Amino acid sequence: MGILNITPDSFSDGGLYASTDAAVLHAVRLIEEGADILDIGGESTRPGSASVSVEEELRRVLPVVQALESKGIPLSVDTSKPEVMRATIKAGATMINDINALQSPGALEVVADGGVTVCLVHMQGKPKYMQSDPQYKDVIVEIKDFLRQRIDVMEAAGIVRERIIIDPGFGFGKTLKHNLKLLRYLDQFADMGTPILVGLSRKSMLREITRNKKDDLVFSSVSAALLAAINGARILRVHDVKATKDALKVYNAVASQE
Ligand code: 8Y7
């Protein structure tokens with residue numbers, strides 16, 4: 001899954017793809033590099049970031065969805081707003097990636113009616129405060145419990161299990177130690193019976209580990225993505241598609257041996 005941020009203040013490519021044309025050009029590049037899904041986002045969710053209105057988010061995202069709808073690649077929209085979900089599904093998006101796990105009023109119904117896939121992300125707290133002092137008794141057990149509850153709510157609303165993807169939400173209300181434990185024991189999410197999506201690309205935990213600047217996180221991002229794949233992740237949300245694909249090719253070549 002290639003990341004397409006259309007926001008002036010996103011984590012690592014803020015402002016660079018601010019216009020529709022630039023976003024579409026970048027999308028084409030991600031597809032050429034081998035992305036199988038694009039994740040289109042119009043609101044930054046970095047810790048402490050400001051929220052945007054429905055109108056502004058749609059102004060950023062909708063033209064890009066419309067322009068990419070014919071490219072023959074599944075389009076995911078990274079949003080928590082039901083209005084944005086409804087409009088982008090109508091325009092051709094087939095997946096909703098919601099860091100709020102469809103907890104906004106109305107979101108569940110829009111996804112159920114739209115018949116699209118949903119990625120349920122775990123987050124402790126809200127983006128503005130989530131990194132202030134995250135606490136867990138058992139980070140694996142608590143996140144699994146949350147995701148299991150959300151899966152039950154999805155199924156009760158008529159969203160079939162085949163359309164549900166789970167994500168432990170690296171960096172969303174987690175310390176470095178929580179994130180490392182999640183990656184180490186990611187295989188414990190396999191018994192949830194839904195594909196696992198993981199986003200580690202260029203996240204601050206990699207900066208903490210490597211002590212590199214944020215524009216020098218490609219190698220650590222690829223390493224983390226590969227570890228996630230080895231531990232059972234089925235979808236990797238990444239900025240650096242080519243580099244990640246190369247790592248996965250090596251992994252698959254080795255893993256396919258008897
Ligand atoms: C994730 C995500 C972000 C993630 C899923 C960033 C939108 C922060 N991270 N969605 N979104 N999983 N599913 O650094 O880890 O890209 S935003």
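Annotation: amide H-H contacts under 5 Å for ARG237 (H modelled 1.01 Å from N, sequence separation of 5 or more, or interchain): VAL198, GLY199, LEU200. For the options ALA229, ALA35, ALA91, a Gaussian network treatment of the chain with springs between C-alpha atoms closer than 10 Å singles out ALA91 as fluctuating the most.
Any chance you could check the Cα centroid distance between segment 238-258 and segment 128-150 for me, in angstrom? Computed from Cα coordinates, the inter-centre distance equals 30 Å.
Listed by number, the DSSP H helices of the chain that run 15 Å or longer by alpha-carbon position along their axis and have mean Kyte hydropathy of at least -1.0 are 20-32, 54-68, 139-156, 218-230, 241-255. Each listed q (0.21, 0.23 Å⁻¹) maps to a log10 I(q)/I(0) for segment 139-188, found by the Debye formula over equal Cα scatterers with no solvent: -0.76, -0.85.
Round to a whole angstrom and tell me the spacing of the C-alpha centers of segment 180-220 and segment 25-67. The distance from the Cα centre of segment 180-220 to that of segment 25-67 comes to 21 Å.
Close amide H pairs (under 5 Å, H built 1.01 Å from N) link GLY34 with no residue at least 5 positions away or on another chain. Straight-distance candidates among the lysines for linking to LYS174, with alpha-carbon spacing under 22 Å and chain neighbours fewer than 8 residues away dropped: LYS126, LYS128, LYS137, LYS144, LYS203, LYS213, LYS214. Loop-located trypsin sites (Lys or Arg not before Pro) in segment 185-258 (DSSP state other than H, G, I, E, B) with a sparse environment of at most 15 neighbouring Cβ atoms within 10 Å: ARG211, LYS213, LYS214, ARG234. Ranked for footprinting exposure by Cβ neighbours inside 10 Å, fewest first, THR20, THR88 give THR20, THR88. In deg cm²/dmol, rounded to 500, what helix-only [θ] at 222 nm does the chain give when every DSSP H run of at least 4 residues adds -39500 (n - 2.57) and the total is split over its residues? Counting only the DSSP helices, I get -13000 deg cm²/dmol.
Between amide H atoms placed 1.01 Å from N, distances below 5 Å from HIS122 occur with ASP167, GLY169, all of them 5 or more places distant or on a separate chain.
Scattering from the chain was approximated by placing one identical point on each alpha carbon and applying the Debye formula without solvent; log10 I(q)/I(0) at 0.12, 0.14 1/Å stands at -0.67, -0.95.
Between the residues SER104, PRO74, GLY114, the greatest Cα displacement towards the positive end of the dipole of segment 69-130, with unit charges on the Cβ of Lys, Arg, Asp and Glu, is found for SER104.
The numbers here are math on the coordinates, done by the rules we state, and not lab data. Computed from a predicted model, the values in this text were never measured in an experiment. As a convention, Cβ positions derive from the backbone with ideal geometry for all residues, glycine included, and neighbour counts pool all protein chains shown.
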